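Q: Before anything else, here's the structure in question.
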Amino acid sequence: MIARLLTAAALLAVLPTAAQAAVCATPEQVKNIRGYYEKLRPGVPLPVPSRYFNVPESVIPSALPTDQAVGTAVMPEIADQVWKSIDAWGPRTQVSLVFAPNSKNSFAIPSLVPITQNDSSDGYLDVYADDGKGIHSHIQIADVAHIYAHDIPNGDNKNRTRGVSFYGQTGDLIMGVYASIKADPFDPKAVEGFGRTWNLLKAMKRPC
């Protein structure tokens, strides 16, 4: 199954060349974004530097080194597979859900892991938290272009910001599921699960 998905990912032409370039960091952006994380604001969630540099959110993980971000272009089977790996973090596991409406505002919302409710044959990835009592999300799979996992040092040689983010065709953030943010308290089960999702995405072809 994984081999078929990886083959499909390698063959997928996700976007026209000009549009693809717009959601992948240029060499100058790579330098500036890495410098921002190293010297200015280590460990902040990814929407923060996207606002600072006024770039689409997916540019940020595309600029990070491979030990801090892994990801892939997406087709429906891969989106399902990645979210099922997030399901496996556990339905009672605490995470933070990160949103950035209009790329200008950002929110980190405490939540239990949103769990897939059914298959995506209707074109939607339906994920509900807390047995349906928490957040309800309906993600149009056709609009998911890239998925990245990111594991960024906080600058204190101790804590890290770890998350999995889903991006649209123009590089906009759809949703980020964060296992830990800077020095905030976190659920160890989320970090353990994140490690498995990281390895899943690491085995796929990076989109940029």
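The values are calculated or read from the model by the stated rules, or taken from the named source; none is laboratory data. Since the model is a prediction, treat every value here as computed from it, not as a measurement. For neighbour counting, all protein chains shown are included, and Cβ atoms are generated from backbone atoms with ideal geometry for every residue, glycine included. SASA here: full protein model, heavy atoms, side chains in, ligands and nucleic acids out. Shrake-Rupley method; radii C 1.70, N 1.55, O 1.52, S 1.80 Å.
Q: Tally Lys/Arg at +1 and Asp/Glu at -1 over every other residue whose Cβ is under 12 Å from the Cβ of K182; what's the total? Don't skip to the answer; put the middle values down first.
A: Details: positive: R41, K158, R160, R162; negative: D156, D184.
Overall, the nearby charge balance is +2.
Q: While we're here: Using a 1.4 Å probe, what is the accessible area per residue for the range 112-208, in Å²?
A: Details: 4310 Å² over 97 residues.
Roughly 44 Å² per residue, with all protein chains present.
Q: Tally Lys and Arg at +1 and Asp and Glu at -1 over the other residues with C-beta under 14 Å from the C-beta of Q94: what net charge comes out? Could the numbers behind the result be given before it?
A: Values: positive: R92, R162, K189; negative: D130, D184, D187, E192.
Once positives and negatives cancel, what remains is -1.
Q: Roll a 1.4 angstrom probe over the protein heavy atoms and tell me the percent of accessible area of the chain that is carbon or sulfur. Walk me through the intermediate numbers first.
A: Values: 5400 of 9820 Å².
Roughly 55 percent, rounded to a whole number.
Q: Sort the range 52-144 into rounded, prolate or oblate with this rule: let a ≥ b ≥ c be the square roots of the eigenvalues of the Cα gyration tensor; rounded if a/c is under 1.5, and if a/c is not under 1.5, prolate when a/b is larger than b/c, oblate otherwise. Spell out each step's value before the answer.
A: On the way: a/c = 1.62, a/b = 1.35, b/c = 1.20.
Because a/c hits 1.5 or more and a/b exceeds b/c, the range 52-144 counts as prolate.
Q: Roughly what percent of Cα-Cα pairs across the range 132-175 reach past 17 Å?
A: That fraction is 49 percent.
Q: Taking 0.36 nm per intervening residue step and subtracting the Cα-Cα distance, what contour gain separates K189 from L40 on full extension? Kindly include the intermediate steps, with their values, before the conclusion.
A: On the way: separation 149, 0.36 × 149 = 53.64 nm, distance 2.98 nm.
Answer, rounded to one decimal: 50.7 nm.
Q: Under a no-solvent Debye model with one identical scatterer per Cα of the chain, what's log10 I(q)/I(0) at q = 0.08, 0.10, 0.16 Å⁻¹?
A: Those come out to -0.24, -0.38, -1.04, one per q.
Q: If you don't mind, there's one more thing I want to ask. When the helix-only estimate is applied to the chain (DSSP H runs of n ≥ 4, each -39,500 (n - 2.57), divided by the residue count), what is the mean residue ellipticity at 222 nm, nearest 500 deg cm²/dmol? Present the calculation step by step, with values, prior to reporting the outcome.
A: Working: 7 runs with 64 residues, N = 208.
Value at 222 nm, helices only: -8500 deg cm²/dmol.
Q: With the chain treated as a Gaussian network of Cα nodes joined by springs under 10 Å, which of P27, P114, P91 yields the largest mean-square fluctuation?
A: Maximum among the listed residues: P27.
Q: Could you tell me the accessible area of H138 in Å² (1.4 Å probe, neighbours in place), rounded to the nearest ten?
A: Here the residue's solvent-accessible area equals roughly 100 Å².
Q: Please list M75, M175 in order of solvent-accessible area, largest first, computed with a 1.4 Å probe with all protein chains present.
A: On the way: M75 45, M175 5 Å².
In descending accessible area the options line up as M75, M175.
Q: Where the centre of each part is set by its Cα atoms, how far does the range 24-72 sit from the range 88-105, in angstrom?
A: Measuring centre to centre over Cα atoms gives 19 Å.
Q: Now, a different point. Go ahead and set up a Gaussian network model of the chain, Cα springs under 10 Å, then flag whichever of G168, G132, G43 fluctuates most.
A: Evaluated over the chain, the most mobile residue of the options is G132.
Q: When the dipole is taken about the Cα centre of the chain, and only Lys, Arg (+1) and Asp, Glu (-1) are charged at their Cβ, what size is it in debye, to the nearest 20?
A: On the way: 19 positive and 19 negative charges, 142 e Å.
Approximately 680 debye in magnitude.
Q: Let me ask something else. Springs between alpha-carbon atoms under 10 Å, Gaussian network over the chain: tell me which of A142, A179, A69 tops the mean-square fluctuations.
A: A142
Q: If amide hydrogens are placed 1.01 Å from N in the peptide plane, which non-local residues have theirs closer than 5 Å to the one on T93?
A: Amide H neighbours of T93, under 5 Å, 5+ apart: V113.
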